[in-house]
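A short worksheet on the structure shown next.
The values are calculated or read from the model by the stated rules, or taken from the named source; none is laboratory data. Note that the coordinates shown come from a computational prediction; the quantities given were computed from them, not determined experimentally. Don't worry about glycine lacking a Cβ; one is built from the backbone with ideal geometry, like all the others, and counts go over all protein chains shown. When the accessible area is computed, the model is the full protein with side chains, heavy atoms only, and any ligands, DNA or RNA have been set aside. Shrake-Rupley method; radii C 1.70, N 1.55, O 1.52, S 1.80 Å.
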Amino acid sequence: MTTTALLTAALAACAAPSGTQGANATGSTAPVEEQTLTVLAAASLRDVFADLAEGFEAEHDGVTVALSFAGSADLADQLLAGSPGDVFASADTKNMDRVVEGGDAADPVVFATNTLTVVVPAGNPGGVTSFADLSREDLKVVVCAAEVPCGSATAKVEAAAGTTVHRVSEEASVTDVLAKVTAGEADAGLVYVTDATLAGDDVEVVDVPETKTVVNTYPIAVTSGAADAALAQEWLDLVTGPVGQAALAKAGFGAP
C-alpha cells in the first residue's frame with residue numbers, strides 16, 4: 001500500500017463515528033451498556049419531566065430514565081430510609097434540606113418556582129368566587145396534607161388571608177387534590193398553577209390574589225448514592241439549562 005493510501009486509511013479511521021469504537025477484529029460492535037437513571041420528583045413535575053426524559057434517552061444510548069413521582073415529603077422519607085435514587089427534585093426547600101442534612105444529597109440548585117390557585121369543577125357548582133368562600137361550611141374543599149409542599153403553602157396563604165379553609169380532605173400530593181376536583185368529589189381545591197393549566201377544560205380556575213403571595217421554590221440535587229454521578233449531573237444540567245427551563249416555562253412554572 002502506498003504512503004498516500006495508508007494516510008487516507010488512517011484519517012478515515014480517525015474520522016469514524018464514535019459508535020464504532022468497540023468493534024472487534026471481525027468488524028462487530030460491542031453492545032451498548034444498559035443504565036437506569038432513577039429520578040425522584042415532586043408530583044407537579046410529572047408531565048415536564050416525562051417529556052424531558054424522552055429527549056434525554058434519545059441522546060444517551062442504553063440509558064433509561066426511571067421517573068418516580070410523589071409528594072416531596074414521601075420522596076424525602078424514601079431517600080432517608082435508604083431507597084435508591086440518583087436525582088431528587090423537590091417542590092420545596094424544606095424537604096430538600098432534610099435530605100441534605102441527612103447526608104443523602106448535596107449542593108441543591110433552585111430550578112423553578114410555583115404558586116397555588118383555586119380550581120373548581122366545570123360549571124363551578126359551588127359558586128366559588130373568592131378565597132374567603134373556601135371557609136363556607138356548605139362547600140367540600142380539598143387541600144394537600146400539611147407535610148406536603150402544597151399543603152404548607154396552603155397554610156401560609158390561609159394565614160396571610162386570615163381565612164380558614166373548610167377542608168374535608170387532605171391529600172398526599174397535589175395531583176390527588178386535582179383528581180378529586182376533576183371527578184366532582186369536591187367543590188374546590190387548592191393546586192399549583194401548573195396543575196390547573198394541565199387540567200385544561202376539566203376544571204375552572206378562580207383567580208384570587210391571596211394565593212399569589214406564597215411562592216414555592218423547587219430545588220434539585222444529585223443524591224449521594226447516585227450510581228453514576230456524572231450521568232445524574234447531566235440530568236440536573238438539562239433541567240437547569242435552556243431546554244429544561246423552556247419546558248418548565250411552557251408548563252407555567254416561574255423562573256428560579
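Among residues of segment 168-180 that are touching a residue at least 12 places away in the same chain (Cβ under 8 Å), those with a beta-carbon under 6 Å from a residue that is β-branched (V, I, T) at least six positions away or on a different chain give the pairs S169/V142; E170/V143; E171/V177; V174/V191; V177/V142; V177/V191; L178/V191; K180/V142. Tell me which residues, restricted to segment 131-163, are of a type in the set (S, T, Y) and within 24 Å of A183 (Cβ to Cβ). Scanning segment 131-163 gives S135, T154. Please count how many residues of segment 70-84 are within 14 Å of A43 (Cβ to Cβ) and without any contact (Cβ under 8 Å) to a residue 40 or more places away in the chain. Residues meeting the conditions: 3. Only one entry in T117, T64, T38 is under 22 Å from E210 (Cβ atoms) and either in contact with a Leu (Cβ under 6 Å, 6 or more places away or on another chain) or part of a strand (DSSP E or B) (or both), namely T117.
From the list V165, V174, V157, V118, the one residue that fits, being closer than 17 Å to D201 by Cα, open to solvent by less than 10 Å² (accessible area, probe 1.4 Å) and out of contact with any Lys or Arg (no Cβ under 8 Å at 6 or more places or on another chain), is V118. Taking (1) in contact with a Ser or Thr (Cβ under 9 Å, 6 or more places away or on another chain); (2) under 25 Å from V48 (Cα atoms); (3) open to solvent by 30 Å² or more (accessible area, probe 1.4 Å); (4) not in a strand (DSSP E or B) in turn, G103 satisfies each apart from (2).
Conditions (1) of a type in the set (V, I, T); (2) open to solvent by less than 40 Å² (accessible area, probe 1.4 Å); (3) touching a Lys or Arg at 6+ places or on another chain (Cβ under 8 Å), marked per residue:
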site	(1), (2), (3)
G151	no, yes, no
V191	yes, yes, no
V214	yes, yes, yes
P242	no, no, no
Q245	no, no, no
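Selection of segment 86-97 for residues being touching a residue at least 40 places away in the same chain (Cβ under 8 Å), farther than 20 Å from G244 by Cα and open to solvent by 10 Å² or more (accessible area, probe 1.4 Å) yields only K94. Tell me yes or no: at least one residue of segment 70-77 is under 22 Å from V193 (Cβ atoms), open to solvent by 20 Å² or more (accessible area, probe 1.4 Å) and in contact with a strand residue (DSSP E or B) (Cβ under 9 Å, 6 or more places away or on another chain). Yes, segment 70-77 has at least one match. A single member of A58, A50, A81 is among the small types (G, A, S), surrounded by fewer than 18 Cβ atoms within 10 Å (Cβ to Cβ) and within 13 Å of the chain's Cα centre (by Cα), and it is A50.
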